[in-house]
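Here the structure comes first, spelled out in structure tokens, and everything after it is commentary.
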Amino acid sequence: MTLLRKWLIALCVPFSTHTMATDAVDSLLQQLQSMDNFQAMFVQTTRDPTGAVLQQMRGELIVERPGKMRWETEEPFAQLVVSDGTLLWIYDTDLEQVTIRSMGQRIQETPALLLSGDASEIRDGFTVSMTKMDDVVRYRLTPNDNSQLFEALQFSYRAQRLSAMTIDDATGQVTEITFRQQTVNATLPEHTFLFEVPEGVDIIDARNAR
């Protein structure tokens, strides 16, 4: 099970500078709100508390404001997560199972959706700090809700381009998602955020779950 399903290292950099929380939030919101959509290939690496690699996978992420996302991982960990802004489909190909959720259900458990949603919710949901060094800016988000399944989330920007996400799990595991071949504010095909349930798969309808 990937962290994207469960929820889905802040680096100690010498000579870096830290901003006040309000300035950090404003800066992050400016970054997110300048991006109508974002598309990239990624490598996701999960490590245990000792730094040993537990799992590595590759895939593609596409997000579009407001609330749309397509996250697809390659074999041997094939999974497809699609949001049209109202519903979220999680398709596990190996299990031949699709889970359907409402977007309003604990969106913070799927951090990638923060890239495509109403960025202002960050003000109420997280405490934000910012670290700068050369052309790299890192935003560390700590959930105000202690029931969240991750302890911290970090967005890293290099030369104003999103380069990585890092998730600190409550169990001590760390997942880093590095992006390449990024494209911002491109014209996307209309079917990008549509999902049709394949024939013969099991459907778990969790839209009324709390």
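Would you point out which residue out of Ser163, Ser116, Ser129, Ser147 is surrounded by 14 or more Cβ atoms within 10 Å (Cβ to Cβ), out of contact with any Cys (no Cβ under 9 Å at 6 or more places or on another chain), at pLDDT below 85 and not acidic (Asp, Glu)? Steps first, please.
On the way: Ser163 fails: at pLDDT below 85; Ser129 fails: at pLDDT below 85; Ser147 fails: surrounded by 14 or more Cβ atoms within 10 Å (Cβ to Cβ).
On inspection, the qualifying residue turns out to be Ser116.
Applying the selection to region 17-76, what residues are within 24 Å of Asp169 (Cα to Cα) and among the polar types (S, T, N, Q)?
Within region 17-76, Gln44, Thr45, Thr46, Thr50, Gln55, Gln56, Thr73 meet the criteria.
Every residue in region 132-142 that is surrounded by fewer than 19 Cβ atoms within 10 Å (Cβ to Cβ) and under 17 Å from Leu113 (Cα atoms), please.
First, the residues of region 132-142 that are surrounded by fewer than 19 Cβ atoms within 10 Å (Cβ to Cβ): 132-136, 142.
Listed by number, the list holds a single entry, Thr142.
Scan region 60-92 residue by residue and report those that are under 19 Å from Asp205 (Cα atoms) and loosely packed, with under 15 Cβ neighbours inside 10 Å.
Thr86, Leu87
The values are calculated or read from the model by the stated rules, or taken from the named source; none is laboratory data. The structure displayed is predicted, hence computed values, not measured ones. Here the Cβ is made from the backbone with ideal geometry for all residues, glycine too, and neighbour counts use every protein chain on show.
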